[in-house]
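K.L.:
Next up is a structure, given as structure tokens.
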Amino acid sequence: MNNKQFLTQLSGKCSIDDSQASEHVQTLVKVLQQIWHDGDAVSLSGFGVLEVRKKNERISVNPTTGIRMLVPPKLVLTFKPSSILKEKLK
């Protein structure tokens, strides 16, 4: 599903037009970005937990050349689904 399909489905479920649905999604994304920027996790009941975690630096090896490289530390977004969501996906 692409963004346009998602917005169309969301606008149909909420009885709003596509532009309003787009504004709501953009606002949600901005709020989530600010929460993650502050280092907090977002827990959605029945869905799961989204949080930013720090990955430590590590050594990686290029399989074709065999050259070893140092991969710097970085922040990654992780998702842990709730048990309710896991059951629905089975």
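The values are calculated or read from the model by the stated rules, or taken from the named source; none is laboratory data. If you're wondering where the values come from, they're calculated on a predicted model, not measured in any experiment. Here Cβ is always computed from backbone atoms with ideal geometry, including for glycine, and neighbour counts include all displayed protein chains. For accessibility, only protein heavy atoms count, side chains too; no ligands or nucleic acids. Shrake-Rupley method; radii C 1.70, N 1.55, O 1.52, S 1.80 Å.
K.L.:
Looking at H37, L75, F6, which one has the Cα that reaches farthest to the positive end of the dipole of the chain (charges on Cβ: Lys, Arg +1; Asp, Glu -1)?
P.N.:
L75
K.L.:
So what J values fall out for segment 35-50 if you push phi through Karplus, 6.51 cos²θ - 1.76 cosθ + 1.60 with θ = phi - 60°, rounded to Hz, Gly and Pro as x?
P.N.:
4, 5, 4, 6, x, 9, 9, 10, 10, 10, 4, x, 10, x, 10, 10
K.L.:
Oh, and also: What base-10 log of the normalised intensity I(q)/I(0) is obtained for segment 51-90 from the Debye formula, alpha carbons as equal point scatterers, at q = 0.17, 0.29, 0.31 Å⁻¹?
P.N.:
The Debye formula, applied to the Cα set alone, gives -0.65, -0.92, -0.96.
K.L.:
Give the carbon-plus-sulfur fraction of the accessible surface of the chain in %, rounded to a whole number; probe 1.4 Å, heavy atoms of protein chains only. Before the final figure, lay out each step's value.
P.N.:
Numbers: 4230 of 7530 Å².
Ligands and nucleic acids excluded, carbon and sulfur give 56 percent.
K.L.:
Would you mind checking which residues have amide H under 5 Å from F47's amide H? H placed 1.01 Å from N; only 5 or more apart, or other chain.
P.N.:
When sequence neighbours closer than 5 places are left aside, the close amide H contacts are S82.
K.L.:
Which loop-located GluC sites (Glu not before Pro) does the chain contain, where loop means any DSSP state but H, G, I, E or B and the Cβ has at most 14 other Cβ atoms within 10 Å?
P.N.:
Passing sites in the chain are E57.
K.L.:
Provide the packing ranking of 5-15, 69-79, i.e. peptides ordered by the mean count of other C-beta atoms within 10 Å per residue, highest first.
P.N.:
5-15, 69-79
K.L.:
Shifting gears a bit: Evaluate the relative contact order of segment 18-90 (contact order divided by residue number), counting alpha-carbon pairs under 8 angstrom at least 6 apart; express in whole percent.
P.N.:
About 27 percent, as a whole number.
K.L.:
Whole angstrom only: what separates the Cα centroid of segment 51-65 from the Cα centroid of segment 27-41?
P.N.:
25 Å
K.L.:
If the limit is 32 Å between Cα atoms, which of K54/K86; K13/K55; K13/K54 go over it?
P.N.:
With Cα atoms farther than 32 Å apart: K13/K55; K13/K54.
K.L.:
Could you do me a favour and compute the accessible area per residue for the chain, 1.4 Å probe, result in Å²?
P.N.:
Heavy-atom SASA per residue in the chain reads 84 Å².
K.L.:
Can you give the Rg/Rh ratio of segment 10-90, where Rg is from the C-alpha atoms and Rh is the Kirkwood radius?
P.N.:
1.16
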